Amino acid sequence: MGKITLKHVNKSFGDVAVIPDINLSIEDGEFVVFVGPSGCGKSTLLRLIAGLEDVTSGQIDIDGTDATYLPPAKRGLAMVFQSYALYPHMTVRKNIAFPLKMAGLPEDEQEKKVQNAARILNLTNYLDRRPGQLSGGQRQRVAIGRAIVREPAAFLFDEPLSNLDAALRVTMRQEITELHQSLKTTMIYVTHDQVEAMTMADKIVVLNAGNIEQVGSPLELYHRPANLFVAGFIGSPK
Ligand code: ADP
Ligand code: MG
């Protein structure tokens, strides 16, 4: 589970087509990176998939079902927010359990899922702390834990590392890649950072002004960029 298909997706704000017409298939288990310069529509595209914005026209299928007008909670996807979105007054346990509590899951089942997420993320010994008592990397892992407990068909990341320092970014990149390798769940990861895209992705989607310039593996994009925009952006020698 975790196949997502966009068919002629258009998103306009007033007269402006921020996303004119996108067709894209994301396969189950893929790590897909949306990359492109600031303002090119990466966040908008992710929010359309998440259901946080409605498409103006077109269709979004999730696992073969038309999900175009499903509310976010019914799509089975989990957005990972930046770590500053944690609740400072709640313990790590309560932060991670929050979506389960909202869904009305019994407390013993919440605890089981929290323990499982904490084990995956090496947070077992930190469950009683508050976010302010954690390192930046640990805080980021708590934000990911909140998504893991929902057992989503796909994880959606919108520049999750952009407020971390350079060294921590490299570590977290590696951790998210390892998480993908162990969970094998579809991940869609938005970034404006080419290095992040090239090191993390199975498949890169290069966006420019709301259009897809090229879709391919990091090696394909590097060795066979479709045009000068891709070559320039990826830094390949065309
Ligand atoms: P990115 O994430 O790639 O930086 P965004 O998806 O945030 O880009 O934005 C793409 C374009 O859509 C930008 O020009 C932005 O100003 C515009 N945009 C995004 N959200 C809105 C909105 N709610 N109303 C009007 N314009 C918007
Ligand atoms: Mg953005």
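See the values below:
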quantity: Additional length obtainable on full extension of the chain from Thr56 to Leu228, 0.36 nm per residue less Cα span; calculated: 58.9 nm
quantity: Where Cα atoms sit under 22 Å apart: lysine pairs in the chain separated by 8 or more or lying on different chains; calculated: 22
quantity: The range 1-101: GluC sites (Glu not before Pro) in DSSP loop, at most 13 other beta carbons within 10 Å; calculated: Glu27
quantity: Helical mean residue ellipticity (222 nm; -39500 (n - 2.57) per DSSP H run of 4+; nearest 500) of the chain; calculated: -10500 deg cm²/dmol
quantity: Full-extension gain in nm, Glu107 to Asn125, via 0.36 nm per residue minus C-alpha separation; calculated: 4.5 nm
quantity: Point-charge dipole on Cβ atoms (K/R +1, D/E -1) for the range 141-186, about Cα centre, debye to 20; calculated: 120
quantity: Full-extension gain in nm, Gln174 to Ser217, via 0.36 nm per residue minus C-alpha separation; calculated: 13.7 nm
quantity: Dipole magnitude (debye, nearest 20) for the range 183-231, charges at Cβ of Lys, Arg, Asp, Glu; calculated: 140
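Read-outs: derived from the displayed coordinates by stated rules, not from any lab. On a predicted model such as this, the values are computed, not experimentally measured, just so you know. Counting neighbours? That spans all protein chains shown, and the Cβs are built from the backbone with ideal geometry, glycine included.
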